[in-house]
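**Student:** Take this structure, written in structure tokens, and hold onto it; I'll ask about it next.
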Amino acid sequence: MKEIFEQIKAERKRQDAKWGVQNLPSVCKILTDRVGGCSPVRMCEEYEIPTESRAKQLCDTATRRGELTHAHIVLEELSESVSCLNDADRRVELIQLAATIVKWIENIDRNNL
């Protein structure tokens with residue numbers, strides 16, 4: 001895992017060198033700042049990803065069929081992150097997303113490298 005985090009750290013340095021520090025909003029401010037805010041379903045539509053409930057359903061279906069993949073789980077975690085109504089909750093979900101992605105990388109390293 002240490003090597004993975006070193007690679008991630010190196011990639012972050014490359015990103016900052018190329019793009020500088022980017023202070024971007026977490027999600028679409030036009031949607032979140034409008035009167036009444038934005039529903040999680042609408043936010044998922046904005047990014048053309050399944051809603052949180054649909055992503056969970058996809059995982060459950062794939063699990064029942066014995067076809068669950070890391071991509072299913074990552075998509076579910078991403079959907080949960082996008083669906084959060086504030087950055088504090090989103091941060092918790094993003095940690096889970098990052099951990100899931102690291103798990104996927106470890107699986108690739110274990111089986112293919």
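The values are calculated or read from the model by the stated rules, or taken from the named source; none is laboratory data. Fair warning: this is a prediction, and the values are worked out from it, not measured in the lab. We place every Cβ from the backbone using ideal geometry, glycine too, and count neighbours over all the protein chains shown.
**Student:** Please count how many residues of the stretch 83-113 are touching a residue at least 12 places away in the same chain (Cβ under 8 Å) and among the small types (Gly, Ala, Ser).
**Tutor:** Let us first name the residues in the stretch 83-113 that are touching a residue at least 12 places away in the same chain (Cβ under 8 Å), namely 83-85, 87, 90, 93-94, 96-97, 100-107, 109.
Pick out the ones that are also among the small types (Gly, Ala, Ser) and you get 83.
Matching residues across the stretch 83-113 total 1.
**Student:** Also, I was wondering about something else. Of the numbered conditions (1) at pLDDT 95 or above; (2) loosely packed, with under 12 Cβ neighbours inside 10 Å; (3) in a helix (DSSP H, G or I), Arg110 satisfies every one except a single condition; which is it?
**Tutor:** Condition not satisfied by Arg110: (1).
**Student:** Among (1) outside any loop (DSSP other than H, G, I, E, B); (2) at pLDDT 95 or above; (3) of a type outside the set (A, V, I, L, M, F, W, C); (4) loosely packed, with under 14 Cβ neighbours inside 10 Å, where does Glu3 come up short?
**Tutor:** (2)
**Student:** Looking at (1) within 24 Å of Met43 (Cα to Cα); (2) over 13 Å from the mean Cα position of the chain (by Cα); (3) in a helix (DSSP H, G or I), find the lone condition where Ala98 falls short.
**Tutor:** (2)
**Student:** Please specify each residue of the stretch 17-32 satisfying the condition of being surrounded by 10 or more Cβ atoms within 10 Å (Cβ to Cβ) and either within 20 Å of the chain's Cα centre (by Cα) or at pLDDT 95 or above (or both). Write out each step before concluding.
**Tutor:** At the first step, the residues of the stretch 17-32 found to be surrounded by 10 or more Cβ atoms within 10 Å (Cβ to Cβ) are 25-32.
Pro25, Ser26, Val27, Cys28, Lys29, Leu31, Thr32, listed by residue number.
**Student:** Return the residue satisfying two criteria in turn: it lies in the stretch 33-66 and is in a loop (DSSP other than H, G, I, E, B) and surrounded by 14 or more Cβ atoms within 10 Å (Cβ to Cβ), and of such residues it is farthest from the chain's Cα centre (by Cα).
**Tutor:** Keep residues of the stretch 33-66 that are in a loop (DSSP other than H, G, I, E, B), which gives 34-39, 47-51, 65-66.
If we keep only those that are surrounded by 14 or more Cβ atoms within 10 Å (Cβ to Cβ) too, we end up with 38, 49-51.
Working: Cys38: 19, Ile49: 11, Pro50: 12, Thr51: 13 Å.
It comes out as Cys38.
**Student:** Return the residue satisfying two criteria in turn: it lies in the stretch 73-86 and is more than 11 Å from the chain's Cα centre (by Cα) and surrounded by 13 or more Cβ atoms within 10 Å (Cβ to Cβ), and of such residues it is nearest to Gly37 (Cα to Cα). Steps first, answer last, please.
**Tutor:** Step one: list which residues in the stretch 73-86 are more than 11 Å from the chain's Cα centre (by Cα), which gives 84-86.
Filter once more, keeping what is surrounded by 13 or more Cβ atoms within 10 Å (Cβ to Cβ): 84-85.
On the way: Cys84: 12, Leu85: 9 Å.
Looking at residues that are more than 11 Å from the chain's Cα centre (by Cα) and surrounded by 13 or more Cβ atoms within 10 Å (Cβ to Cβ), I get Leu85.
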